[in-house]
Each structure stands twice: as structure tokens, then as C-alpha cells.
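All of the numbers you see were taken from the coordinates with simple rules; none came from a lab. These numbers come from a predicted model, not from an experiment. In this analysis, Cβ positions are derived from the backbone assuming ideal geometry, glycine residues included, and neighbour counts consider all displayed protein chains.
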Amino acid sequence: MMKNRFAVFGLGIALFSTLTIQENIAQSQQAKPNILFLFADDQRADALGAAGNPYIQTPNIDQLASEGSRFENAYVMGGNHGAVCAASRAMLLSGRSLFHVYDKLKDERTFPMDFAEAGYSTFGTGKWHNEKEVFEASFQHGNNVFLGGMADHYGVAMRDYDENGKLGEPTMRGYSTNVFTDGTIDFLNSHAKSGTDKPFLAYVAFTAPHDPDSPIAKYIGYYPDGTLPLPGNYMPYHPFQFDNLMVRDELLTGWPRKPEVIQMVLSDYYALITHLDNQIGKIIQTLKDNGQYDNTIIVYAADNGLGVGSHGLLGKQSLYEHSTKVPMIIKGPGVPQNETFDAMVYLYDLYPTLSELAGLPKPNQVDGKSLAPILAGKESSVRNSLFTAYRYTVRAVRTPEWKLIRYPERDYTQLFNLTNDPLELNNLADNKEYSSTKEELMNSLKEWQKASGDTAALTTKVIKPLEYDPAKLTRKPDRWQPEYTLKRYFEGIEN
């Protein structure tokens, strides 16, 4: 009898132990933070209230900054062709630098793959400017996925997973920002209702504020034309020729860049961002309604910046601050509140950063550096200088104080003191007083090239002229411009 008692008692211990182990596993999974990655398209770092811009309204993103940490010197490393966003997204998702991944993710490990392996439920929606197969390998769930670089916001071809976990045929589904938001909210609600102990990783890649500069109807005129100031480095023309001044972004307005037209562009651009902020507010409210907000690490960032009239440019195909610097905000468990860091960081640093914050194994194949030590107050920086590149035609290096931009095809150099001249207006390259600084930065640029695997010459054999005639530049609308932008920016121009 006693023996049977002990047998039953032992069975109880075994059952209790098994249940305890299962509970611990569940609690361990539950304790892991969720990840919500909100990614804008073509948003300048200064097009944000939290960045000190008093003219734009972004209350929801600003709130994330106040509850978390903002990196004010975050950059995309550059691009290997005019669609800078393709390379930017490949670097972000793989954690690898430009010359190790370019714009292709095939055979690369992505951070959603790591999170899925660690027990996360992974979801993707929005713009995917890389290979379709890599999306399918990275995310267990997906809807409203746009395979491509750009489209009319009112006519984006969306795909969902089919029963085989593959992206099906595309269909048109309303205004892009709203559709991506709705898909995200559906996933968050479904995940919450499922009762699963799995944490989630949701990657939400908006197509706003990328052109066409066509806000949803409710936001047209939100910022009346003429009410927004021109950029402090506005110019009617770029002062010299480099690369291709006719790359598609530059065709969205004519030459000279008329002040009133740039103000119109800014009105539409800011409206796209404010509408995006409004939709992000809905996603955040869903997290709160589902009790998921406090245990979710939220990242807000953008793939690259934009000219919007700065230096006479409209696009992102340059290495000026307005085109390479991006917003970067991290909020959630383990992240200090209302902090701003001036460390020089890349977008692709987010891969190892999120891995460390979530307690995942350190990825060993990445070039990015974890920013967790900065967030923890243990370090103030992860690198002493930063290197950017565009095609084979422009190279740049910057330190906390200085920036050097080199144009190999033109045998031309710019040197800016970013402390005194953050708008990059006063070129000091030919000033003998700064010759040693220029030499030091050129040497640093060469060291970065060698370390990064960049083989581009810093002076080409054939030197092209700096001078050009803007009157000879002609433009026409591309196929993605809706009636709103055709009337507003292309009236009188042959299609």
C-alpha cells in the first residue's frame, strides 16, 4: 500500500515537473518581447516633429520617440543604382553592408528568419523590393504584399499567401498606407485572439512618403500651398553635374526648381507623412487594446532620405545629409525613454540590435553592430567614422564634425564642417587652412573602401565636365503618376 502511495506520489512529482517545464517554456516565450518594425519609404530625417521640425505634424511617431530613444545620426550606406531603397532594404534585412549584399537577398540570412527560428510568429506586409522567394522564406504570415519599387498609391498590386504559403496573384486594394495598416491590424488581432504563447515579429513596409506626391483625398491641402518654408539649402539648380541629373526622381519638377513648386511638393510630402502617422496611431492603439504594447519593441525608420529641393535635387541619388540620413526610433523593453543619441549608425545595425534586445543568439554573419550597449549606457558610439557610396560616381566619409564627398568622374571634392555648416553649403575643400583635414578624410575614405570591398577608383581615367546647361534638361511623367500629380506637376508636358 505504501509502495503504491509512493508510486502515485512519484507520478505526481513527474507530472508536476513536466507541467513546470512546459509552463517555464511558455513563460520564457511569453517574456520575449514582440517586435513591430515600421518602415517608411523616402522620409528625410528632419521630416519629423521629434527631430525638431515645427511645421510637420507627426504626434504618434513623436510619442514613440518620447517613450523610447531616437538616433539622430542614422544613415543608409547608399545604393548601387537609382532605386536606393532596394539596396537599403537588402542591407537592413541581412545586416550586411552595401558591397557585401548590394540589392540581392538570395542566399542571405534575414533577421525575420532568426526570429522565426527562435519561436516567433513572423508577419510581413507592404513593400518588398527584393526577391519574392526571400519574402516567403522570411515570413510565416503575409498579406497585402507589394512586390516592386513604386506605384500609384491608389493602385498598388497586393498579394497574399495562398494555402501553400506562397504569394499569390496580385489584386488592387485601395490606398496603400491604409491597406498596409489594415493588414497589420488584422494580423495583430488574429495573433492576440489565437491564445498562442509565441511572441510576434511584424515587419510593416509602407510606400509613403515615396512619390507620387498624391496624398489620400482627406489630406490634400492639409498643409496649404505656400505655407511651408523652403529647405535652408534650397537651390534652383544643383551647382554642378554629377552622375545622372535626369534620374527619374529628378524629373518630378522642372528646372529651375521654382520656389512655389518646391513648396507644393513639400505640402504633399508632409501630408503623406502626417497621414502615415495617423495610420501608425491605429496600429499602436491595436497593440494597447490587445495588451501587447508594453511588451513590444517598436522600431520606426525609413529606407533613405530625399532632396525635396535641397541642393537643387528632388531625389535620394546623392550623398548629402538630406538623402542619406534617416529617422530611427526604438521604443520598448530595455530601451531608455526620451533619449537622443548622436552616435553614427547604419540602418543595418538594427539586425544585431534587435537580436540582442530580444535575447536571441548573436548573428555572426552580419556587418552591423549592435546598438544595445549604447541604449544601456555602456558605450557612446559603435564607430568613429561612417562611409557612404552611390553607384561608382560618389563616395563620402564623415566624422562627428567633418564630411568629405568625392566625385571620381569629375575629379571634384567637397569638404563640409557639419558642426558649423549642417546644411552643407560652404565647401572648404580648396581652403588651405583645412588641407590636413581633407587629407585625413581622404585616407579614411580609402581605408573604408578597402575594409568594405569597394574597388571604385577615387579619380577616373576620363574626367567629365562639372558644367552643364539646365535648359537642355527635359522631362516627362512616368506611368505611376495619377491624375492629381499630372495636373499639379506635369500640366502642359507631353506624356
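Listing for the model above:
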read-out: Inter-centroid distance (Cα atoms) of the stretch 455-476 relative to the stretch 264-315, Å; value: 34 Å
read-out: Simple Cβ-charge dipole of the chain, Lys/Arg +1 and Asp/Glu -1, about Cα centre, in debye nearest 20; value: 740 debye
read-out: Nonlocal amide H pairs with residue 142, under 5 Å, H built at 1.01 Å; value: 124, 161
read-out: 5 angstrom amide H check on residue 383, placed H, neighbours 5+ away; value: 344
read-out: Across 106/166; 325/487; 106/378; 369/432; 104/282, pairs whose alpha-carbon gap is larger than 26 Å; value: 325/487; 106/378; 369/432; 104/282
read-out: Exposure proxy order (Cβ contacts within 10 Å, fewest to most) of 326, 247; value: 247, 326
read-out: Hz values of 3J(HN,Hα) by residue in the stretch 280-285 - Karplus curve (6.51, -1.76, 1.60), Gly and Pro given as x; value: 4, x, 5, 5, 4, 5
read-out: Karplus 3J(HN,Hα) series, Hz, for the stretch 149-161 with 6.51 cos²θ - 1.76 cosθ + 1.60 (x for Gly, Pro); value: x, 7, 6, 4, 4, 8, x, 8, 7, 9, 10, 10, 5
read-out: Order of 203, 489 - criterion: other Cβ atoms within 10 Å of each residue's Cβ, fewest first; value: 489, 203
read-out: Gap separating the Cα centres of the stretch 115-133 and the stretch 157-190, nearest whole Å; value: 13 Å
read-out: Extension gain, residue 365 back to residue 457 (0.36 nm per residue minus Cα-Cα distance, nm); value: 30.4 nm
read-out: Within-10-Å neighbourhood charge of residue 171 [Cβ basis; K, R +1; D, E -1]; value: 0
read-out: Fewest-first ranking of 258, 193, 127, using other Cβ atoms within 10 Å as the exposure measure; value: 193, 258, 127
read-out: Volume in Å³ per residue [convex hull over Cα atoms, computed for the stretch 343-423]; value: 112 Å³
read-out: J(HN,Hα) series, the stretch 328-340, from Karplus relation 6.51 cos²θ - 1.76 cosθ + 1.60, nearest Hz, glycine and proline x; value: 8, 10, 10, 9, x, x, x, 10, x, 8, 6, 10, 10
read-out: The chain, relative contact order [Cα under 8 Å, separation at least 6], %; value: 21 percent
read-out: Normalised contact order of the stretch 28-141, rounded percent, pairs of Cα under 8 Å and 6 or more residues apart; value: 16 percent
read-out: The chain - Rg (one decimal) and Dmax (whole number), Cα, Å; value: 24.4, 104
read-out: Rg ratio (alpha-carbon, reference 2.2 N^0.38 Å) - the stretch 97-174; value: 1.15
read-out: Binned Cα-Cα distances of the stretch 394-464, short to long, each 5 Å bin given as a whole percent; value: 3, 17, 26, 25, 17, 9, 2
read-out: Interchain or long-range residues, amide H under 5 Å from residue 36's placed H; value: 202, 297, 298, 299
read-out: For the stretch 46-200, fraction of C-alpha pairs farther apart than 19 Å, in %; value: 64 percent
